[in-house]
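Before any comments, here is the structure.
The values are calculated or read from the model by the stated rules, or taken from the named source; none is laboratory data. The structure presented is a predicted model; accordingly, all values stated were derived computationally and were not measured. Cβ atoms come from the backbone with ideal geometry, glycine included; neighbour counts cover every protein chain shown.
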Amino acid sequence: MQAHPVRRPVSRHFDPPKTAALRQDEPVTTRFPLYGFRRWISACFCPILASCVHFHCRSVNHKMNERRQSPEPSLCAGILTGGKGRRMGGSDKGLIDFEGRPLVEYLIERLSPQSDQVLINANRNLDRYARYGFPVVPDRLGEYQGPLAGFAALLEACPAPWLVVAPCDSPLIPDDYVARLHAARRRHPSALVVAHDGERIQPVHALIRQDLLPDLLDFLEQGERKIDRWYDRVGYSTADFSDRPQTFLNLNRPEDLAALQEARK
């Protein structure tokens, strides 16, 4: 009797395409096997679903590639609390209560998601600021030498190539504060970008490249303290905040509290 070969049943199971190990330097589009995956979906389910998957994956790949090609550089956010607060009766403005919380907490809350590291420039109550868990950096030139001394202290402590600064008494910083400053930097490349409210610059709201530190230290060692003179010396571009004037409402006098409370409503 003649032996017949055994027929094995045809499997209707389709394995998804196998991909090679991923390398970190490969573009995102090589990591997602669009067309192989589409064929597998089409064979197992239906062409309509496969088309939807194909369209979605192309969209995801495009967005991921776009993000990869133009990442924002890393940066520190520096909060300036080192002033004397003369017009507030000598109070430490960062610790003044505003609607049940110290002002500095609003800045930490707004700037933490927009930066890689928060730094606090303070010249008193260092222990209280340290409770927030971020580095506290005093002026190295002695107390109350003005905002440029705070800039210098923050730049020295900043491990990132960029530093964004804001004063502690401006609790209405928007969620796109850093993004706006970076957008202005891309449009008009500059080592220093200063916020502009539509009428004038707001000098203590700025994005500063870390390599400006030597020039700033030299400026300070010459006895200079005026912020506008240093800005004119190094040159700067401006970021438009004319549609967000409330960003720059601050607490210089006790009566300014009412304006801040009204703007938060």
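The residue of region 243-263 that is modelled with the lowest pLDDT, among those that are surrounded by 13 or more Cβ atoms within 10 Å (Cβ to Cβ) and under 26 Å from HIS182 (Cβ atoms), is ALA263. Looking only at residues in region 140-158 that are in a loop (DSSP other than H, G, I, E, B) and under 12 Å from LEU217 (Cα atoms), the one that is nearest to the chain's Cα centre (by Cα) is ARG140. Report yes if some residue within region 225-242 is surrounded by 16 or more Cβ atoms within 10 Å (Cβ to Cβ), assigned to a loop (DSSP other than H, G, I, E, B) and in contact (Cβ under 8 Å) with a residue 40 or more places away in the chain; otherwise report no. Checking region 225-242: at least one residue is surrounded by 16 or more Cβ atoms within 10 Å (Cβ to Cβ), assigned to a loop (DSSP other than H, G, I, E, B) and in contact (Cβ under 8 Å) with a residue 40 or more places away in the chain. For region 77-127, a residue qualifies if it is at negative phi, modelled with pLDDT of 95 or more and over 25 Å from the mean Cα position of the chain (by Cα), and exactly one does: ASP127. In region 145-166, the residues that are assigned by TED's automatic domain parsing to the domain that holds ARG229 reach residues that are polar (S, T, N, Q) and surrounded by 24 or more Cβ atoms within 10 Å (Cβ to Cβ) with C-beta atoms within less than 8 angstrom, at least six apart or across chains, in these pairs: GLY150/ASN121; ALA153/ASN121; LEU154/ASN121. Are any of the residues in region 197-217 in contact with a His (Cβ under 8 Å, 6 or more places away or on another chain) and surrounded by fewer than 20 Cβ atoms within 10 Å (Cβ to Cβ)? No: region 197-217 contains no residue that is in contact with a His (Cβ under 8 Å, 6 or more places away or on another chain) and surrounded by fewer than 20 Cβ atoms within 10 Å (Cβ to Cβ).
Per this entry, GLN202 is not counted among residues that are without any contact (Cβ under 8 Å) to a residue 40 or more places away in the chain and of a type in the set (S, T, N, Q). Going through region 159-205 one residue at a time, which ones are of a type in the set (Lys, Arg) and outside any helix (DSSP H, G or I)? ARG200, the sole residue that qualifies.
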